[in-house]
Amino acid sequence: MAASRLQKELMELMCTAPDGISAFPHNDDLFQWVGTLQGAPDTVYEGLEFQLLLKFPPNYPYEAPTVTFTTPCFHPNVDSHGTICLDILKENWSAVYTAGQVLLSIQSLLNNPNNASPLNPQAAQLWANKAEFARAVRLAYETRSVAGAGCAVAGPSAAANHAGIAA
């Protein structure tokens with residue numbers, strides 16, 4: 001069931017993906033996708049492109065996918081390893097959610113963090129100071145190019161290399 005559901009979701013994403021969102025299987029593995037999010041207009045993330053790794057469990061959609069940023073992302077709800085704190089990926093997961101909806105929710109989270117339960121306390125503290133927060137976002141993002149993490153799929157070690165920036 002998981003494979004047929006993922007094929008259907010992939011076709012929907014390819015045909016009707018919202019602006020700034022895309023995803024494709026990594027190395028033809030239907031259970032591991034590379035997703036791309038564009039920072040939304042009029043946010044500190046505008047003009048930035050983030051890549052994520054989506055790993056689908058064998059019993060998908062009854063269990064949530066594991067989604068991590070592979071591009072460094074300075075954000076209150078993203079840790080230095082790219083782990084995302086988002087309720088629909090945890091306790092509020094439902095089989096009605098699709099990969100496209102997950103990516104759209106993450107894109108929305110970028111400008112609407114939950115500072116009450118941050119994975120990155122430094123980012124949560126800076127959030128109120130938009131100029132400083134924007135500077136930290138750009139620094140984390142631009143550093144990835146220097147470190148070579150701008151590849152199609154940067155492994156977990158590439159995100160971990162940025163622990164000093166995003167932690």
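The values are calculated or read from the model by the stated rules, or taken from the named source; none is laboratory data. None of the values given here were measured: they were computed from a predicted structure. FYI the Cβ positions are ideal-geometry reconstructions off the backbone, even for glycines, and counts take in every protein chain you see.
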When the residues of segment 128-149 are filtered to those that are crowded, with 17+ Cβ neighbours inside 10 Å and either in a loop (DSSP other than H, G, I, E, B) or touching a Gly at 6+ places or on another chain (Cβ under 6 Å) (or both), which remaining residue is modelled with the highest pLDDT?
ARG144
Only one residue in SER22, SER4 is modelled with pLDDT of 95 or more, within 23 Å of LEU110 (Cα to Cα) and either touching a Gly at 6+ places or on another chain (Cβ under 9 Å) or among the small types (Gly, Ala, Ser) (or both). Which one?
SER22
Taking segment 11-44, which residues are in contact with a helix residue (DSSP H, G or I) (Cβ under 8 Å, 6 or more places away or on another chain), outside any strand (DSSP E or B) and among the hydrophobic types (A, V, I, L, M, F, W, C)?
LEU13, ALA17, ALA40, VAL44
Restricting to segment 89-120, name every residue that is exposed (fewer than 12 other Cβ atoms within 10 Å of the Cβ) and either more than 23 Å from ALA23 (Cβ to Cβ) or in contact with a Leu (Cβ under 7 Å, 6 or more places away or on another chain) (or both).
GLU91, ALA116, SER117
Quick one: TYR97 ticks every box in (1) within 17 Å of ALA136 (Cα to Cα); (2) assigned to a loop (DSSP other than H, G, I, E, B) bar one, so which box is it?
(1)
